[in-house]
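The values are calculated or read from the model by the stated rules, or taken from the named source; none is laboratory data. Computed from a predicted model, the values in this text were never measured in an experiment. Every residue, glycine among them, receives a Cβ derived from its backbone with ideal geometry; neighbour counts consider all protein chains shown.
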Amino acid sequence: MTGLLFKMLLTTSEIMDLRRIPIFIIFAGLLGLLAACGDVNRPYECSDAIGCVEIAPDESIKIGIIQALSGQLAPVGIEQARAIELTLSLLGNQLLQHPIELFVADSLCTPEGGKNAAVILSSQPDIIAALGTSCSGAATTAAEVISNAGMVMISGTNGAPDLTSVGGVKGEYWRPGYFRTIYNGSLVGQVAAQFVFDHLHIRKVATINTGDAYTSGYTDVFAAEFKELGGEIVLDGTIGRGDIDMIPILEAVSFSRADLIFFPIFQPEADLLVLQSEEVADLEDIIFFGAEGQFLETFITAIGPVGIGNYFVGPIPLEGEANDNYISEFKAMFGEPPSTVDYGYAIDATNLLLSAIESVAVQEDDGTIIIGRQALRDILYATSGLEGLTGTLSCDQYGDCGVARFNIYRLDDPTTGIEGLLSNVIFEYYLDR
């Protein structure tokens with residue numbers, strides 16, 4: 001029992017399995033409380049452009065969590081939620097002498113799920129912010145709802161370039177108040193293309209995505225960079241989520257004479273694509289190049305020896321004393337270490353939010369605190385030089401706050417699992433913002 005208050009705002013009880021997340025959850029309906037923007041009898045009167053949240057002396061600071069808690073990518077969302085809980089626990093589950101209360105909603109890793117989760121949270125006007133989403137596809141809809149409600153949203157795992165900016169130009173899905181602590185995925189596509197062209201000396205590449213903002217964003221940037229370098233994209237392919245027959249797209253790859261497939265897609269489609277390549281003529285020597293969405297033990301186990309020699313681009317595993325301490329605390333709280341490499345971004349997202357709240361909150365003599373919503377956004381956009389677990393965070397005008405630190409890895413021995421993959425670094429890229 002951690003002492004941290006949770007409220008589950010969902011109708012499906014199975015998505016938060018207590019055997020997987022040992023946290024105390026209080027099930028409750030919508031509160032329907034109205035956030036105050038100042039009382040005429042109080043010395044402070046709210047003049048914030050989009051309103052204020054007033055928290056009485058005996059009330060909690062309310063924060064939402066939107067993560068994928070069910071489905072194929074539940075391990076990612078559950079770990080993000082755990083990292084958030086751990087961060088708050090280490091701070092005593094309090095901020096400004098007020099307890100912190102979390103409201104959890106499942107995004108299902110889909111645009112529809114992200115929108116529904118955001119609607120549930122935004123219907124409670126005293127929730128200050130949302131931490132999430134796990135998946136970029138869910139963020140494309142959730143960010144719009146959260147932004148329109150005057151809240152902020154900070155993600156530790158959304159990589160889709162169009163959620164913030166591409167090449168310094170505002171992305172299609174950018175919304176005021178959206179931030180992320182993970183790096184902009186456009187850098188991933190650029191570095192992957194450079195590595196393929198300069199180090200693997202490959203000139204013909206096929207790209208495959210699943211049509212969502214994350215995967216198509218990565219392949220679009222990869223293709224643009226690769227063509228600029230002098231390479232050729234011989235196939236720009238799209239498969240559907242839920243497809244199980246990969247033979248048609250693989251036959252198209254074979255016909256295109258591509259030497260490499262760049263496929264930043266998720267399970268189970270990623271598994272099937274790799275495994276079924278053995279059934280298609282002239283693909284014996286094809287190289288698969290994936291991304292951080294495949295950094296799961298289940299993926300390495302699924303592709304097994306068929307995946308030997310394939311490449312991946314993803315974040316550099318965290319090191320150092322601070323990280324070691326977090327890992328130790330994580331094991332103590334949840335009985336196991338983190339299963340992905342993204343926990344650090346969730347920790348940084350949480351600390352970034354708390355630091356901003358603390359900076360803008362107006363405290364009255366009786367213990368009441370008042371938080372201006374636009375003031376909170378402004379202080380987040382102005383973040384510079386904030387030391388985080390993943391590096392030094394500085395937010396730009398589009399909400400990119402993360403540090404670009406990632407490696408290119410090669411899978412040589414699937415029996416060593418994800419740990420073996422992450423220890424086989426072929427190329428390192430680091431850009432301190």
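Structural remarks
- Checked against the criterion of being surrounded by fewer than 21 Cβ atoms within 10 Å (Cβ to Cβ) and in contact with a strand residue (DSSP E or B) (Cβ under 9 Å, 6 or more places away or on another chain), the candidates Ser359, Ser355 yield just one match: Ser355.
- Restricting Arg241, Arg257 to residues that are at pLDDT below 95, charged (D, E, K, R) and either surrounded by fewer than 16 Cβ atoms within 10 Å (Cβ to Cβ) or touching a helix residue (DSSP H, G or I) at 6+ places or on another chain (Cβ under 9 Å) (or both) narrows the list to Arg241.
- The range 44-62 - residue that is of a type in the set (Asp, Glu) and outside any loop (DSSP other than H, G, I, E, B) and, of those, surrounded by the fewest Cβ atoms within 10 Å (Cβ to Cβ): Glu45
- Glu172 out of contact with any Leu (no Cβ under 9 Å at 6 or more places or on another chain) and of a type in the set (Asp, Glu): no
- Cβ separations smaller than 6 Å between residues 6+ apart or across chains give the following pairs from the range 292-321 residues that are within 14 Å of Ile418 (Cβ to Cβ) to residues that are in a loop (DSSP other than H, G, I, E, B) and modelled with pLDDT under 95: Gly293/Phe266; Phe295/Val341; Phe299/Gln267; Gly314/Phe295; Pro315/Val341; Pro317/Val341.
- Of the helices (runs of 4 or more DSSP H) lying entirely inside the range 325-433, those containing at least 2 residues that are in contact (Cβ under 8 Å) with a residue 40 or more places away in the chain and in contact with a Cys (Cβ under 7 Å, 6 or more places away or on another chain) are 373-381.
- Looking at Arg82, Arg42, just one residue is of a type in the set (Lys, Arg) and at pLDDT 90 or above, and that residue is Arg82.
- Within the range 354-410, considering residues that are acidic (Asp, Glu) and within 30 Å of Ile316 (Cβ to Cβ), the one nearest to the chain's Cα centre (by Cα): Asp400
- Some residue of the range 230-245 being closer than 29 Å to Gln72 by Cα, touching a residue at least 24 places away in the same chain (Cβ under 8 Å) and among the basic types (Lys, Arg): yes
- Odd one out for Glu225 among (1) assigned to a helix (DSSP H, G or I); (2) under 19 Å from the mean Cα position of the chain (by Cα): (2)
- Hits in the range 58-82 - residues which are charged (D, E, K, R) and closer than 22 Å to Gln363 by Cα: Asp58, Glu59, Lys62
- For the range 267-297, filtered to residues that are of a type in the set (Val, Ile, Thr) and within 22 Å of Asp413 (Cβ to Cβ), the residue that is surrounded by the fewest Cβ atoms within 10 Å (Cβ to Cβ) is Ile287.
- For Asp348, the test of being within 17 Å of Phe406 (Cβ to Cβ), assigned by TED's automatic domain parsing to the domain that holds Leu393 and of a type outside the set (S, T, N, Q) is passed.
- Qualifying positions in the range 186-222 - part of a strand (DSSP E or B) and either in contact with a Leu (Cβ under 9 Å, 6 or more places away or on another chain) or at pLDDT below 95 (or both): Lys204, Val205, Ala206, Thr207, Ile208
- Among strands (runs of 3 or more DSSP E) entirely within the range 232-314, having at least 1 residues that are closer than 16 Å to Asp212 by Cβ and charged (D, E, K, R) singles out 232-238.
- Residue under evaluation Leu91, criteria (1) within 12 Å of the chain's Cα centre (by Cα); (2) touching a residue at least 60 places away in the same chain (Cβ under 8 Å), criterion not met: (1)
- Every residue from the range 389-400 that is surrounded by fewer than 22 Cβ atoms within 10 Å (Cβ to Cβ) and either farther than 22 Å from Ser147 by Cβ or among the β-branched types (Val, Ile, Thr) (or both): Leu389, Thr392
- With respect to the conditions (1) more than 16 Å from the chain's Cα centre (by Cα); (2) over 23 Å from Asp271 (Cα atoms); (3) not acidic (Asp, Glu), Ser155 lacks only one, and its number is (1).
- Residue within the range 189-205 that is buried (at least 21 other Cβ atoms within 10 Å of the Cβ) and under 16 Å from the mean Cα position of the chain (by Cα) present: no
- Among the criteria (1) touching a Gly at 6+ places or on another chain (Cβ under 9 Å); (2) surrounded by fewer than 21 Cβ atoms within 10 Å (Cβ to Cβ), the one Gly114 does not fulfil is (2).
- The residue of the range 63-78 that is modelled with the lowest pLDDT, among those that are surrounded by fewer than 22 Cβ atoms within 10 Å (Cβ to Cβ) and assigned to a loop (DSSP other than H, G, I, E, B), is Gln72.
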